[in-house]
Amino acid sequence: MKNGKKVNEEKRKLAEKVRRFSLFQLVGGSSDAYNSPYQTSASEKRKTRKECATRTTRLSAMLLATTLCGSMLTACGNSESADDSGAAAERKTEETKAEETVSAATEAEEDVVLTVWVPDSMRIEDWQTNSMTLWFEEQLGYDLDIVPLSSEDYITKVNMALTAGNIEDLPDVIMGTFGGSTAFNDSYVWSWAQAETIVPLTEYYNDPELTVNIKEAIERTGVDYTQQIVSPDGNIYGVASYNQSYGNEYVDKLWIYEPWLEALGAEVPTTTDEFYEVLKQVSETDLNGNGKKDEIGMLGSNDTYANYIKVIMNGFVYSGDPQYRVVEDGTVSAAYTTDEWKEGLKFLKKMFEEGLIAPESLTMTDDQYDTLYYSEVPMVFSFVQASPGMVTSEYRKGDEYTAIDTLTGPNGVNYASYTPSVANTTMVVTANCENPKAAFRLGDLMSCEYIGISQRWGEEGVDWDYVKNLEDSSNYTASVEGFEMSIYTYDDAEFWSGTEAANRSWRQTGPYVRQYGIANGWAMAADGADEFTKKVNAAMTLYQTSGHAPAEVIPKLIYTEEETEIVSEVESVLKSYVDECLASFVTGTKDIDSEWAAYLAELDKIGLGEYLEVVQGVYDRMYK
């Protein structure tokens, strides 16, 4: 990518078409065969490309002439439209050197040709001439042959190709996405490794000269995310994407309706007991003025982002991950077997019995939740969500809700439910790759900060710029308070959410790594944020900085087939039984004290002991 300048896309497309067409005419080939991964095998393509190496001198001369002509035309023409002049004025006139973020470990290697499969995208005009592709080629000195496959059944095609055993038909590299239907899950990667159709990259990870960008990514994120993609045999079989996200790490935030708190003359509750007292006042006062005592103290649902049970439980014991698993001093256990969990159940029971938590919360669907939350007359004092906007972005009563800090329980316990950002493999190198070391260099290069930005926000100088390179940034501020401004975008809505195809990014296909400071430092107009946005950002900062996350968590686990069989049989049964008993305990259907021993015995009968033993083994394998 040419930094700080707009690139003449048509010139690049023409030059690339000339290069590809001429190359195949010289050897009697066809561009159709070149574009199809099924008509010509990757090994045959590689052989053809090597045979052509001696004939490219005259082609290079022709391309040089084309480039010079294009450059002269560009120099003679008007390089920017009037519409662009305002944005351009904010940029430095000197060219930004994004290469500063890229290590010398990406020194060019000669005669490297890599065939790369990617899922196609209607938003990418031409993968071969995409500015990111060209930048990779320029930095590495490689020739990348990008082969897009249908995204509708991409993983199916990839999995079939990698399990069929026809190694000679495979490309050198296969890219996936972090999430969605074109993502590699860990079980797929492990199965491909066992089939020996992808190669281990561990030796390259152990070579400091090959991992300078990855090491730098670990340093700027503060997390050795490569641990999270270690397969059961101890090897790493890919290169990962890792995106630290303030908004996704603490989803169980407690929100209260400020007008009612002010009407009561109450202080913001900081403990479970204070919260209980405020809810009692809410339930006993006609705060919405409709002549009824229909105010709901706390509303919950079964939604993933509305775990009100955990918010209360975290004042008694850390409630753990979605399976209620906790880690202390490296030992994995279940929160729901502890005496503290038992005490938390008793507190919840009191709240349900006194009508402070809507009884429908135990079985509430999203539609029922919405009916209560969206009522024209305010009904709900508090709820748990990642943000008020999780309910709907159109419901602006959310402006009047404010997130409060986690609650301290009677014994001084105070935790926030924490789901750390995790890494996923988004690039693998196949057994058909003659130069896996060179392929790994591509993955390392993609892990640099510059590509982390460009994968999401497009081309520097066209779609975004570093704030430090703006002529004047005095009218901007970071999106999240406490962060330095990082980047400024010119029209991100059009780049990311528009409908037109562009050619300036891989749009988060393949590896990328972003630390908190990129998105949180995204520059916006100092007076541009509305009240709702300010409150959401303040809530993210509150939960990230309050220091209530547990010291140890389970980021992710990668199981063997045997481990998967054991875990899959027991995990869902345990979760269902715990949730059913929780509902029975807090509603009084089961007596907490007299039936606690039977509850624990049933957990053992289901297989909790064996389950925890397997989880502990995998945790030790990956993180110790």
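The values are calculated or read from the model by the stated rules, or taken from the named source; none is laboratory data. Here the structure is a predicted model, which means the values were calculated and not measured. Because the Cβ atoms are built from the backbone with ideal geometry, glycine has one as well, and the counts that use them run over all protein chains shown. Surface areas here come from the heavy atoms of the whole protein model, side chains and all, with no ligands, DNA or RNA. Shrake-Rupley method; radii C 1.70, N 1.55, O 1.52, S 1.80 Å.
Some observations on this one:
- Ala240 long-range amide H proximity, modeled H, under 5 Å: Thr426
- The phi-based Karplus calculation (6.51 cos²θ - 1.76 cosθ + 1.60; θ = phi - 60°) puts the 3J(HN,Hα) values of region 554-565 at 9, x, 6, 10, 10, 9, 7, 4, 5, 5, 4, 4 Hz, whole numbers, x for Gly and Pro.
- The aspartates and glutamates whose alpha-carbon is closer than 15 Å to the alpha-carbon of Lys215, local same-chain residues fewer than 8 away aside, are Glu203, Asp207, Asp224, Asp444, Glu449.
- Taking the alpha carbon gyration tensor of region 447-527, multiplying each eigenvalue by 5 and rooting it gives semi-axes of 21, 15, 11 Å, largest first.
- Note, ³J(HN,Hα) from phi for region 525-532, Karplus 6.51, -1.76, 1.60, rounded to Hz, x at Gly and Pro: 4, 4, 10, x, 7, 7, 4, 4
- Region 567-624 versus region 482-505: alpha-carbon centroid distance in Å: 46 Å
- Among Ile453, Thr406, Phe440 - extreme Cα towards positive end, dipole of region 399-456, charges at beta-carbon: Phe440
- Listed pairs Lys293/Lys590; Lys575/Lys605; Lys157/Lys437; Lys342/Lys575; Lys310/Lys342 exceeding 19 Å between Cα atoms: Lys293/Lys590; Lys157/Lys437
- Cα-centre dipole for region 176-234 with unit charges at Cβ (Lys and Arg positive, Asp and Glu negative), debye to 20: 240 debye
- Accessible area of region 107-252 divided out per residue, in Å², using a probe of 1.4 angstrom: 38 Å²
- With protein chains left intact and a 1.4 Å probe, residues in region 553-623 average 48 Å² of accessible area per residue.
- Relative contact order, whole percent, for region 118-181 stands at 40, derived from Cα pairs under 8 Å and 6 or more residues apart.
- Spin-label model, Glu569/Asp472: points 7 Å from Cα along the beta carbon direction are separated by 7.1 nm.
- Peptides 172-181, 604-613, 234-243 ordered by packing proxy, namely the average of other Cβ atoms within 10 Å per residue, highest first: 234-243, 172-181, 604-613.
- Distant-in-sequence amide H partners of Gln385 (H built 1.01 Å from N, under 5 Å): Lys253, Trp255
- Treating r as the C-beta distance of Ala583 and Glu138 and R0 as 41 Å, the FRET efficiency rounds to 0.10.
- Under Karplus coefficients 6.51, -1.76 and 1.60, residue-wise ³J(HN,Hα) of region 416-429 in Hz, glycine/proline x: 10, 5, 10, 10, x, 4, 10, 9, 10, 5, 10, 8, 10, 10
- Computed E for Asp126/Ser191 - FRET, C-beta separation, R0 35 angstrom, nearest 0.05: 0.60
- Distances between placed amide hydrogens fall under 5 Å for Leu170 paired with Ala42, all partners being 5 or more residues away or on another chain.
- Net charge of the neighbourhood of Thr182, taken over other residues with C-beta under 14 Å away and scored Lys/Arg +1, Asp/Glu -1, is 0.
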